[in-house]
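Each remark here refers to the structure printed beneath this line.
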Amino acid sequence: MQPVNLRSFKQKVRHNKKAFKRFLGKLEKDPPRGLDKMAEQVDAEVWKEIDCLSCANCCKSMTPTFTPKDIKRISSHLEMTVADFKNKWLHYEKTDKDWVNNKQPCQFLNLKNNMCSIYEVRPESCAGFPHLTKMKMVEYIHVHQQNIDYCPATYRFVEKMMEKLVD
């Protein structure tokens, strides 16, 4: 497993982003038979290559959404009231109706080792990220189109899917 080189990753994204998004758009409109099974196989391959702890770009540049259940669980773990937790670290985005971090990188990310200080109680959106096989692939392509900008695992997933499906 190779450590992620974020600088190199960002260059690859700039160079290939349009082609990847175009590929995903075509895939969404005309999915081949067996797409979900293929996605599961590619997902397993990707996780043999990508080490999230060498990257943590999601925690450095994105914010999870915090569900009421997440907020209650994390605030309890931190021995804070829900109100104090929200006041200290979150704000409510009215347009998306989501609770999100006030800043990036995430306040729970240890920048020295890329580990999460609340890993065992982290938000559900963190636990499932990057959601490569969360749902049927065609129902989640819009998320993959966004995540290729931030996540080397998503980038590699799309790259491998292209290798398998493009003549």
query = For the stretch 25-44, does any single residue satisfy the condition of being more than 20 Å from I141 (Cβ to Cβ), assigned to a helix (DSSP H, G or I) and open to solvent by less than 60 Å² (accessible area, probe 1.4 Å)?
reply = no
query = Among the candidates K60, K136, which residue alone is open to solvent by 40 Å² or more (accessible area, probe 1.4 Å) and either more than 16 Å from N147 (Cβ to Cβ) or touching a residue at least 60 places away in the same chain (Cβ under 8 Å) (or both)?
reply = K136
inquiry  = Here are the criteria: (1) in contact with a helix residue (DSSP H, G or I) (Cβ under 8 Å, 6 or more places away or on another chain); (2) assigned to a strand (DSSP E or B). Tell me which single one K86 does not satisfy.
reply    = (2)
key: Output for the stretch 85-101, where each listed residue is closer than 27 Å to I141 by Cα and open to solvent by less than 80 Å² (accessible area, probe 1.4 Å)   = E93, D98, W99, V100, N101
remark   = Of (1) open to solvent by 70 Å² or more (accessible area, probe 1.4 Å); (2) farther than 28 Å from R7 by Cβ, C52 fails just (2)
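Among the candidates T67, T81, single out the residue that is touching a Pro at 6+ places or on another chain (Cβ under 8 Å) and open to solvent by 50 Å² or more (accessible area, probe 1.4 Å).
T67
The values are calculated or read from the model by the stated rules, or taken from the named source; none is laboratory data. Only a predicted model underlies this, so the values are computations on that prediction, with no experimental measurement involved. Note that each Cβ is placed from the backbone with ideal geometry, even for glycine, and that neighbours are counted across all protein chains shown. All accessible areas refer to the heavy atoms of the entire protein, side chains included, with ligands and DNA or RNA removed. Shrake-Rupley method; radii C 1.70, N 1.55, O 1.52, S 1.80 Å.
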